[in-house]
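Note sheet for the following structure.
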Amino acid sequence: MISLVIPIYNEEPIIDELLYRSLTTLKEIGRPFEIIIVDDGSEDNSLQKLLDHRKNDARIKVVELSRNFGHQAAFTAGLKRSQGEHTVMMDGDLQDSPELIKEMYEKMKSGSFDIVNGYRKSRTEKGFRGLMFFFFHRIFAIITRQKKVVENIGNFSMLNRASLNALLQMKEKTRYLPGLRIYVGYKQGFLDYEREDRKEGKPKMRFRHLMKLATDAIFSFSRLPIFICFYLGLLGIMITMVIGLFMIFSDSGTKLITDYKPMLVGLFFLGSVQLAFIGIVGEYVFKGYKESQNRPMYFVRNEYLD
């Protein structure tokens, strides 16, 4: 069986096309399948449209979360309910073409790979948003030391049962699933594709959501921010010592001491740096606190699986 897991949030205008293209592709593969769609607290008529489609095809299964818990939580809810030997992760905005599932399955069927990741040869995001995506993927590639592996991959992927079971053993609440897929190892393959524009409306992931996802990824997989703080602190101490010695032993030291303006600028700068460092350390502390609370990642209001 092939399980297709799709989280959605306010995607009413494209649900018909999403399901038509997904069903058509899965039927062409010729294997039993299920489509698990997780409604992440949609405020439009998305849920009702899904249930209407389910009346005509019981292979469409719907999970309704009690509110909007976020993209990664919704994916996790769907993955936990997957029964397939192969499981596909796909966003619900049709930027990842459902027709590519067939090519992913062909790669998997050869037995060479446990996970096939969609590798974006290009992105449709332009301007500031596109620039932020560019920098995030470069930074994350450096952090994980696997540039070829993590650069420009997202949620779109296919996993076999062994790799999915390994992924589901990850219990952390703050999660970045593309990174966790790489972390579990197994044989990783790639399918190059061109990511399409959104079919309808504006991107659901606002800047603040993207920033949260980026920080979750970086802070969850690396101590690099802490190291940056530590080494910059050492550098600041060394510079301060050099300036202090210069002021003590230089003839112009008295003049430097009496000139308060550079000193004020330096104090404000160092104070700002310290606040930034406290914020970075606080982010690690907060994420540790959130994990220690051990709250459920999501709550299910209704599920339509049988």
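The values are calculated or read from the model by the stated rules, or taken from the named source; none is laboratory data. All values reported here derive from a predicted model rather than from experimental measurement. Backbone-built Cβ (ideal geometry, glycine too); neighbour counts: all protein chains shown.
How many of the residues making up the range 171-196 are over 14 Å from I115 (Cβ atoms) and of a type outside the set (S, T, N, Q)?
So the count comes out to 10.
Give me a count of the residues in the range 140-168 that are closer than 13 Å to Y183 by Cα, touching a strand residue (DSSP E or B) at 6+ places or on another chain (Cβ under 8 Å) and at pLDDT 80 or above.
3
Look through S22, S3, S110 and report the one residue that is over 24 Å from M170 (Cβ atoms) and surrounded by 18 or more Cβ atoms within 10 Å (Cβ to Cβ).
S22
Within the range 1-120, considering only helices (runs of 4 or more DSSP H) that don't extend past its boundaries, which have at least 1 residues that are at pLDDT 90 or above and over 20 Å from N155 (Cβ atoms)?
15-29, 46-56
So is S97 farther than 14 Å from L168 by Cα and of a type in the set (G, A, S) or not?
Numbers: farther than 14 Å from L168 by Cα: yes; of a type in the set (G, A, S): yes.
So S97 passes the test.
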